[in-house]
Each structure stands twice: as structure tokens, then as C-alpha cells.
1. Between B:Ala189, B:Ala198, which is at pLDDT 95 or above and under 21 Å from B:Gln52 (Cβ atoms)?
2. Failed condition for A:Val4, given (1) more than 20 Å from A:Thr197 (Cβ to Cβ); (2) over 16 Å from the mean Cα position of the chain (by Cα); (3) crowded, with 20+ Cβ neighbours inside 10 Å, with all others met?
3. Answer with yes or no whether B:Phe26 is surrounded by fewer than 19 Cβ atoms within 10 Å (Cβ to Cβ), touching a residue at least 24 places away in the same chain (Cβ under 8 Å) and outside any loop (DSSP other than H, G, I, E, B).
4. Which one of the conditions (1) modelled with pLDDT of 95 or more; (2) over 20 Å from A:Ala181 (Cβ atoms); (3) among the charged types (D, E, K, R) does A:Asp108 fail to meet, given that it meets all the rest?
5. Quick test of your reading of the structure: B:Ala27 fulfils all but one of (1) under 19 Å from the mean Cα position of the chain (by Cα); (2) of a type in the set (A, V, I, L, M); (3) closer than 21 Å to B:Glu205 by Cβ; (4) outside the structural domain of B:Leu132 (by TED's automatic domain parsing). Name the failing condition by number.
6. Taking B:Val79 as the residue in question, decide whether it is β-branched (Val, Ile, Thr) and either more than 22 Å from B:Ala49 (Cα to Cα) or within 13 Å of chain A (Cβ to nearest Cβ) (or both).
7. Condition test on A:Glu74, is it away from chain B (no Cβ under 13 Å) and farther than 27 Å from A:Gly207 by Cα?
8. On the basis of being assigned by TED's automatic domain parsing to the domain that holds B:Val180 and closer than 19 Å to B:Lys212 by Cα, does B:Asp45 make the cut?
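The values are calculated or read from the model by the stated rules, or taken from the named source; none is laboratory data. Computed from a predicted model, the values in this text were never measured in an experiment. Cβ coordinates were reconstructed from backbone atoms using ideal geometry, including for glycine residues, and neighbour counts include every protein chain displayed.
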Protein chains: 2
Amino acid sequence: MKQVKALVFDVFGTVVDWRTGVAREFAAFLPAFGGTDLDPFALADAWRALYQPGMEECRSGRRPYTRLDVLHRESLEKVLAANNITGASEGDLDHLNRAWHRLDPWPDVVLGLTRLGRKYFLGTLSNGNIALMANMAKRAGLPWDEILGAEPTRAYKPQPEAYLRTAEILAMKPGEVCLVAAHNGDLRAAHAAGLATAFVARPTEHGPGQKKDLAAEGPWDMVAESFVDLADKLGTG
Amino acid sequence: MKQVKALVFDVFGTVVDWRTGVAREFAAFLPAFGGTDLDPFALADAWRALYQPGMEECRSGRRPYTRLDVLHRESLEKVLAANNITGASEGDLDHLNRAWHRLDPWPDVVLGLTRLGRKYFLGTLSNGNIALMANMAKRAGLPWDEILGAEPTRAYKPQPEAYLRTAEILAMKPGEVCLVAAHNGDLRAAHAAGLATAFVARPTEHGPGQKKDLAAEGPWDMVAESFVDLADKLGTG
């Protein structure tokens, strides 16, 4: 970690609790459309389940880079149709689609990032688009120095370009950049691209019965319990 | 201005005093290379004079988009050669080239942006690249919500794409975005692209004898004396 100058963060799951936040928004949305018998957490999981297939269309080259807000909107409409929710206006749908802009961070995040930012350049390396990430940061007070990731690099993780072009934009060598993530698969791809890696477990990202990503599963440079623990371990005061 | 949701800022000249900052760095650099008889302000002006020709190579299509740090480095080497400054190491040159990352804001900027950020999304719309803008912001405490401009849009102002793609990344209509700039030419191009416009004069950007951009020269939506005055006029508390 000694050569690391920038920490770049996975966001959905690592920084913010997307499942609780999206379920909260479904719970507010459903009653007006007769959906009070539906489980908002199940709908959040169903929406998220269409995340990787949507990006895969772009990764495979079958579709040009399309920002996540657009992919989210398409998958939201599928989830609503599958649950017979009809009659939502364009404004309703747009508001619900922006649930991802209004996610709350895990409790350790703002303090941890604030401390880490005293020593490191802090960026996002998310598959979220710039407006999504920037709106989220403004609402939640996330002190990013810069929003990077899919939209500036025009590549979706785990494509190597997503990691390598992020380092290039920062004018840093890959080894000067460390990915912080709660997902071993993301860290594996970053490691293969030459980035440093730090794992922070988020054992309730997928709810109380989560079975994966409960522990580090690779030769990651750092393993921490939280962003505050990461700041302690990196000596950022 | 009623429909405006985001303020995007020209940076060199409008936000930061590039001439004083670059001259200060030349003054520190020159003695080690026998350049004590040279005027650091003249060197700053000479370096800046190569700014538009460098970008014009990219705008014209003769050269692909090349980030400003690279163009700055090429023009710095020309300025030094023209003044018979030789013997600087790669480290010396890189450090001096990053003078643009270490520019100070005008005195009203941090307070004005902090107040404006309570009501508006704040972005950069500069020809500077992301790392340059982000390093500057971190050092100077500029509270941007997002760094936009030339590198994400792959276009140099005053190309229309620089303005239009910035609005597109923000997922806003051009008229929901207002360019704040000290340069009438920049505002003219933004206005032509459909953006709202705000002029803030910086009458000493080019030193005590400045002759251009002393006053608004177009139908700009707002004219303010400073960023604090702009915050007052926009009612941002």
C-alpha cells in the first residue's frame, strides 16, 4: 500500500446500502398502485438481479455504452410489469428510478472517507453514471475528490478498461491506485489489472441471509471491518 | 435563471488566478537555471499564449483529444527553450507543469461556491483535464459536486459539444445549466448552445493593464461582481 496515492471505491454495496434504500422507495411507491401485498425487499432484489444482464449487453459489444440510469429504467419497467404494477406516470417512474441517487451510506462511511481523504485522493470506481454518483454524493455528503468509473471510462466493471482507464485519468500507475470493495470478484479484476486492493465486508448488503462476500477470498493488500477501520489501518489520523 | 438547476464554471481566470500562481512557480523555478533576469509574469503570459493554439490542434481534428496536462507540458518546453532555460530534470519539469494544479482561487470563490452549492449542483466546465481540476479542488477546497468539461466530453470549448455533452452527462436540458465565466467569448458559445449564462468580471486576470472582458458584452442572464455577489443575487442564503 506504500505506493498508493488514490483510493477508488466500489459504491453499490460497499459505500451505500442499496437494498434498504431501494426497498424504502418501493414501500412508498407501491400503495398508490395497489401493490400493498408485495414485499418491497423482494422487488429491490428483483431490480438488482437485472443489473448484471443489462450491463452485459454493453460489455459484450451488442450494445454501445449506455449509462446506468437508462439500464435501471429499462429493468424497473420489467420488474413492475412482472408484478402487474401499471398506471405509473412518467414522473412517478423517473422518481422511482432515481431511488439509486438517494441511497444512504453505511454508518461508517462519511467519517471514514473524511479521514481517508486527508491522505489519499478519493474517487468512485462504480458502474453508476456520473449524475447518479454526483447526486448521491451531494445528498449523502460523500467527500469524493472525483467521480470516475463507468461513464468517463466507457467501460463496465469487471472489464479491465474500467480499472486501467481510471488510473490513466488520474495520471497514475495502476499500482498507485487501490480499489476498495466489498466484492471479491471486483477486487479480483482490479488485482488482475494491477491495482492495489482493499476488502471491506458488508455482510448485510443482500439482507440477513447473505451467503457470499462475507470474507476476503484473495490476496488483497488490506482487509478492514469498516471505512473507519481502514482509516485506522492506513494511519490517516 | 428560474429553470437552472446546475451552475458550471469556467475555471482558469474565472475561479483561479492562473497568472499570479504560474508566475509564483516560475519565480521559484528560475534561480536554479540562471533565469533570475527573466520576468516570471512574462513567462506565465508566454505559456498561456500557447494554450489556444495547442487546443486548436485538437478542435480542428488534426490531433485526437489530448488532455491539457500534455498540451501544457509541450508548450512549457517551448517557452523554456525560447528563453534559453536548459538543464531541468524530468522531475523539475513535471513539477513546474503541475503549477496549474496548484493555482489559488480568487478570494470570493470558496465562500461563494459554498453558498451556491446549497441550492445548485456545482460543476466545472473547464478545458482542464480531470486530474488537474481534481488536484486543484482538493488543495484549494473548491466544493465541486462534479468535475466535467473537456475530458468527459472529449471536446474543447468553445466547441458546442463541450457545452451540450456536459448538460447530457448531468441529464439536464441545456437551459437547466448555467455557465459562469469571466470571458464573453465562452459565454457566447454557451448561449449559442442553449445554456443560461452568468458573467463575473475578473479585471486583473491578465494583470494590471487588462483591456478585455472588463464588462459583460452580451445578453447574459446574470452579471455579478463576484461569486458572493452571485450567491446574493441567486438567493442562496
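1. Details: B:Ala198 fails: under 21 Å from B:Gln52 (Cβ atoms).
Being at pLDDT 95 or above and under 21 Å from B:Gln52 (Cβ atoms) holds for just one of B:Ala189, B:Ala198, which is B:Ala189.
2. Going through (1) more than 20 Å from A:Thr197 (Cβ to Cβ); (2) over 16 Å from the mean Cα position of the chain (by Cα); (3) crowded, with 20+ Cβ neighbours inside 10 Å one by one, A:Val4 breaks only (1).
3. Numbers: surrounded by fewer than 19 Cβ atoms within 10 Å (Cβ to Cβ): no; touching a residue at least 24 places away in the same chain (Cβ under 8 Å): yes; outside any loop (DSSP other than H, G, I, E, B): yes.
Criteria not met by B:Phe26.
4. (2)
5. For B:Ala27, the exception is condition (1).
6. On the way: β-branched (Val, Ile, Thr): yes; either more than 22 Å from B:Ala49 (Cα to Cα) or within 13 Å of chain A (Cβ to nearest Cβ) (or both): no.
When the stated conditions are applied, B:Val79 does not pass them.
7. Values: away from chain B (no Cβ under 13 Å): yes; farther than 27 Å from A:Gly207 by Cα: no.
In short, no.
8. Numbers: assigned by TED's automatic domain parsing to the domain that holds B:Val180: no; closer than 19 Å to B:Lys212 by Cα: yes.
Spelling it out, it is not the case that B:Asp45 is assigned by TED's automatic domain parsing to the domain that holds B:Val180 and closer than 19 Å to B:Lys212 by Cα.
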